Each structure stands twice: as structure tokens, then as C-alpha cells.
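Peer 1: Input: one structure, supplied below.
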Amino acid sequence: MAKAVLGVIGGSGLYDLPGLANRREVAVETPWGTPSGAFICGEIDGLEMVFLPRHGPGHRLSPSDIDYRANIDAMKRLGVTDLVSVSACGSFREALAPGTFVLVDQFIDRTFAREKSFFGEGCVAHVSMADPVSPALVEEIAKAGAAEGIALVRGGTYLVMEGPQFSTRAESELYRAWGCDVIGMTNMPEAKLAREAEICYATVAMVTDYDCWHDEHAEVDVASVLEILKQNAETARRLIARLASGFPREHVPCPIGSDRALDAAIITPPQARDPALLARLDAVAGRVL
């Protein structure tokens, strides 16, 4: 089996990963654009780790301005086999109060201003997104949470909106009626691109607020969100450290095939593929191309 490399993308409030041995910053060039910033690489108990603050240094990138393709391509180039997204979100459920951590298992993508695939004209591919998170990775996160005494809610649907504005009340009520559990702005197309890159992916959704549907809570404001973010970030650091300490040192094959998603996904026959696009796909799809 291949060596496991654990990647972490930190969302709002999580901009660093302390405790890394052999810590170094690595700038990665990609054919898709510029990643959010330098990657922080190191080890925890001998496990190789790669960390990236999604919004860049100083939180300078809005959700719509993030180059998701560059971020995921760079993670692949750095050898990441398993990727954990730690993301702030709003809640649609009374039981999912601010401070709750949710291991979501489904997404609804309502974004519209982002590049969503590495493939396209010159090489067409269709990967399955029926089960968008890797169950083996989710299980490792759940074990880490239990060992650290962190309550994690298993399962839930994450509605990904474009942003950067928060929801209207009508939108919030609509998404609740759809059966969504949490709402955020960043996990799509990130999860789709991770699947195309054959990286196992899972999300730790950190609840910061009740969106704007809740009659007894004020609408979302940045000040209140920031306060919860501080608390959530400290808990997230403990969770990641525990996850790393017990994580398998060899990559465990994904039970749903996340790590072999391109086996039967590419439709364009070899003789019709665009060489220029293939060159850009060297990291993402080199295994099958």
C-alpha cells in the first residue's frame, strides 16, 4: 500500500496547525492558477501532514475568489492521500447549536461562479459523487473525536451557497424545507475536485450560528461568528492532532473507491484527447493517463 499523507484545509478561524515537527512552508506552482497560500508541511507522530489555510494569509480570499483547482492540484502534487476540510458553517437544526461539530455525508451545490472540474473540452470525465465523502476517513475522524472527548454528530447535508453574503430568510427556510442540516460557502467545488484528483475527502463542519431562520436568535453577524470561531478553532486543533496520532501510516483503500474514481470516468478516447489539457492533468490524472 502507498504511504498515507494527511492533508488539512482550514476554514474561517483555522489558519495554522501548531505542533508540527520538521515544519516548513512550501510554495507550489500549478497549471490551474495560484493556491490560497504556502502549504505548511511537517509531521505529527511520524505521519506526514500538509496544511493549507483556505482563505489565505490574513483571510484575504472570499469563498468565490479561492482557486479550488489550484489548491487540490497542489495537494495532489504534495502526495496527499486523505484530505480533511475543517469549515465554519451555519445550522438549520435546533439540535445543531453553535459549537457543534458535524461530520456531513452529503452536499447540495448551489454555487455558480466557480470552476468545478479539472476536465472539459479536450478530455471529458464524469466521476461519481453519489457518496461524496470517504467513509473510512470519516470513521478515523469519529474515532479521534471519541478519544479526545469531542462530541461529533455523524451524518448531515451541507448546503453550499455562493456567498459572500449570508442567506435571506426565505432562502434559509427553503434550505430547511429541503432537509439540509448546515450551510457554508466553501466545500463545493472542493469535494468534487478532490474526487476527480482521487483524494479521499471528508468534512468537519463547525457550527457558528443558526443562519437567520431561528426566531429566538439574531440574524448572522460577523462579530458573533468570530467569537464562536475562536472556540471552534481550538477544538479543531485538538481533533486534528488526535486524528494524526492514530491515523494509519499506510493509505487504506477507500471502500467506495474515492482513490480510484477515474478508473472508468474518462469518456474521451485517447486519440481525441487534447495534449495541452493532458499536460495540465499530470498530477490529477497521471495514474490513468
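Peer 1: Report whether or not Val50 is over 29 Å from Glu227 (Cα atoms) and under 19 Å from the mean Cα position of the chain (by Cα). So that I can check it myself, show each step before the final result.
Peer 2: Numbers: over 29 Å from Glu227 (Cα atoms): no; under 19 Å from the mean Cα position of the chain (by Cα): yes.
It is false that Val50 is over 29 Å from Glu227 (Cα atoms) and under 19 Å from the mean Cα position of the chain (by Cα).
Peer 1: Tell me which residues, restricted to the range 101-125, are out of contact with any helix residue (DSSP H, G or I) (no Cβ under 9 Å at 6 or more places or on another chain) and either free of Cβ contacts under 8 Å to residues at least 40 places away in the same chain or surrounded by 13 or more Cβ atoms within 10 Å (Cβ to Cβ) (or both).
Peer 2: Selection gives Val102, Gln106, Val124.
Peer 1: Can you tell me which of Ile72, Ile44, Ile40, Ile66 is out of contact with any strand residue (DSSP E or B) (no Cβ under 9 Å at 6 or more places or on another chain) and among the β-branched types (Val, Ile, Thr)? Spell out how you get there, then give the answer.
Peer 2: Values: Ile72 fails: out of contact with any strand residue (DSSP E or B) (no Cβ under 9 Å at 6 or more places or on another chain); Ile44 fails: out of contact with any strand residue (DSSP E or B) (no Cβ under 9 Å at 6 or more places or on another chain); Ile40 fails: out of contact with any strand residue (DSSP E or B) (no Cβ under 9 Å at 6 or more places or on another chain).
When all the criteria are applied, what remains is Ile66.
Peer 1: Go over the candidates Gly37, Gly42 one by one and state the one that is farther than 21 Å from Arg242 by Cα and either at pLDDT 95 or above or in a loop (DSSP other than H, G, I, E, B) (or both).
Peer 2: Working: Gly42 fails: farther than 21 Å from Arg242 by Cα.
Among Gly37, Gly42, only Gly37 is farther than 21 Å from Arg242 by Cα and either at pLDDT 95 or above or in a loop (DSSP other than H, G, I, E, B) (or both).
Peer 1: Do any residues in the range 149-173 that are on the phi < 0 side of the Ramachandran plot have Cβ atoms under 8 Å from those of residues that are basic (Lys, Arg) and surrounded by fewer than 18 Cβ atoms within 10 Å (Cβ to Cβ), where the two are at least six apart or on different chains, and which pairs are they?
Peer 2: If the second residue must be basic (Lys, Arg) and surrounded by fewer than 18 Cβ atoms within 10 Å (Cβ to Cβ), the pairs left are Ile150/Arg238; Leu159/Arg110; Val160/Arg110; Met161/Arg110; Glu162/Arg110.
Peer 1: Report yes if some residue within the range 58-71 is outside any loop (DSSP other than H, G, I, E, B), hydroxyl-bearing (Ser, Thr, Tyr) and at pLDDT 95 or above; otherwise report no. Before the answer, list the steps.
Peer 2: Residues of the range 58-71 that are outside any loop (DSSP other than H, G, I, E, B), as a first pass: 68-71.
From the residues that got through so far, the ones that are hydroxyl-bearing (Ser, Thr, Tyr) too are 68.
Next, only the ones that are at pLDDT 95 or above stay: 68.
Yes, there is a match, as at least one residue in the range 58-71 is outside any loop (DSSP other than H, G, I, E, B), hydroxyl-bearing (Ser, Thr, Tyr) and at pLDDT 95 or above.
Peer 1: Yes or no: Leu137 loosely packed, with under 15 Cβ neighbours inside 10 Å and out of contact with any Ser or Thr (no Cβ under 8 Å at 6 or more places or on another chain)?
Peer 2: Judged against the criteria, Leu137 is not a match.
Peer 1: Let me ask something else about it. Which numbered condition trips up Thr157, out of (1) farther than 17 Å from Gly99 by Cα; (2) of a type in the set (Ser, Thr, Tyr); (3) in contact with a strand residue (DSSP E or B) (Cβ under 8 Å, 6 or more places away or on another chain); (4) surrounded by fewer than 17 Cβ atoms within 10 Å (Cβ to Cβ)?
Peer 2: Here Thr157 meets the rest and fails (4).
Peer 1: For the range 213-237: of the residues being buried (at least 16 other Cβ atoms within 10 Å of the Cβ) and at pLDDT 85 or above, which is farthest from Ser167 (Cα to Cα)?
Peer 2: Of everything passing the filter in the range 213-237, Arg237 is farthest from Ser167 (Cα to Cα).
Peer 1: Here is a follow-up. Given the criterion touching a strand residue (DSSP E or B) at 6+ places or on another chain (Cβ under 7 Å) and of a type outside the set (A, V, I, L, M), identify the matching residue among Thr203, Thr168. Spell out the reasoning first.
Peer 2: Details: Thr168 fails: touching a strand residue (DSSP E or B) at 6+ places or on another chain (Cβ under 7 Å).
Testing whether each residue is touching a strand residue (DSSP E or B) at 6+ places or on another chain (Cβ under 7 Å) and of a type outside the set (A, V, I, L, M) leaves just Thr203.
Peer 1: For Ile9, all conditions in the list (1) over 25 Å from Arg280 (Cβ atoms); (2) in contact with a strand residue (DSSP E or B) (Cβ under 7 Å, 6 or more places away or on another chain) hold save one; what is the number of the exception?
Peer 2: (1)
Peer 1: Here's a follow-up. How many residues are surrounded by 12 or more Cβ atoms within 10 Å (Cβ to Cβ) and in contact (Cβ under 8 Å) with a residue 40 or more places away in the chain if we restrict to the range 258-280?
Peer 2: Number satisfying all stated conditions: 13.
Peer 1: Restricting to the range 126-148, name every residue that is free of Cβ contacts under 8 Å to residues at least 24 places away in the same chain and more than 21 Å from Pro248 (Cα to Cα). Talk me through it step by step, then tell me what you get.
Peer 2: Here is the first cut: in the range 126-148, the residues free of Cβ contacts under 8 Å to residues at least 24 places away in the same chain are 130, 139, 146.
Ala130 - this is the single residue of the range 126-148 that is free of Cβ contacts under 8 Å to residues at least 24 places away in the same chain and more than 21 Å from Pro248 (Cα to Cα).
Peer 1: For Val26, which of the numbered conditions (1) within 22 Å of Ile141 (Cβ to Cβ); (2) touching a Phe, Trp or Tyr at 6+ places or on another chain (Cβ under 7 Å); (3) without any contact (Cβ under 8 Å) to a residue 60 or more places away in the chain; (4) surrounded by fewer than 20 Cβ atoms within 10 Å (Cβ to Cβ) fails to hold?
Peer 2: Of everything listed in (1) within 22 Å of Ile141 (Cβ to Cβ); (2) touching a Phe, Trp or Tyr at 6+ places or on another chain (Cβ under 7 Å); (3) without any contact (Cβ under 8 Å) to a residue 60 or more places away in the chain; (4) surrounded by fewer than 20 Cβ atoms within 10 Å (Cβ to Cβ), Val26 misses just condition (1).
Peer 1: While we're on this one: Show me the helices (runs of 4 or more DSSP H) entirely contained within the range 198-289 in which 1 or more residues are in contact with a helix residue (DSSP H, G or I) (Cβ under 6 Å, 6 or more places away or on another chain).
Peer 2: Numbers: elements: 222-246, 275-280, 282-285.
Helices (runs of 4 or more DSSP H) meeting the threshold: 222-246, 282-285.
Peer 1: Search the range 67-78 for residues that are over 21 Å from Ala2 (Cβ atoms) and pair each with any residue that is charged (D, E, K, R) and at pLDDT 95 or above when their beta-carbon atoms are under 6 Å apart and the residues are at least 6 apart or on different chains.
Peer 2: Tyr68/Glu190; Arg69/Glu115
Peer 1: Of everything in the range 160-171 that's of a type in the set (S, T, N, Q) and farther than 14 Å from Ile108 by Cβ, which residue is surrounded by the most Cβ atoms within 10 Å (Cβ to Cβ)? Before you say what the answer is, go through the steps one by one.
Peer 2: So the first thing to find is which residues in the range 160-171 are of a type in the set (S, T, N, Q), and the list is 165, 167-168.
Keeping just the survivors that are farther than 14 Å from Ile108 by Cβ gives 165, 168.
Details: Gln165: 9, Thr168: 11.
By that ranking, first place goes to Thr168.
The values are calculated or read from the model by the stated rules, or taken from the named source; none is laboratory data. Values in this document were obtained by computation on a predicted structure and should not be read as measured data. Because the Cβ atoms are built from the backbone with ideal geometry, glycine has one as well, and the counts that use them run over all protein chains shown.
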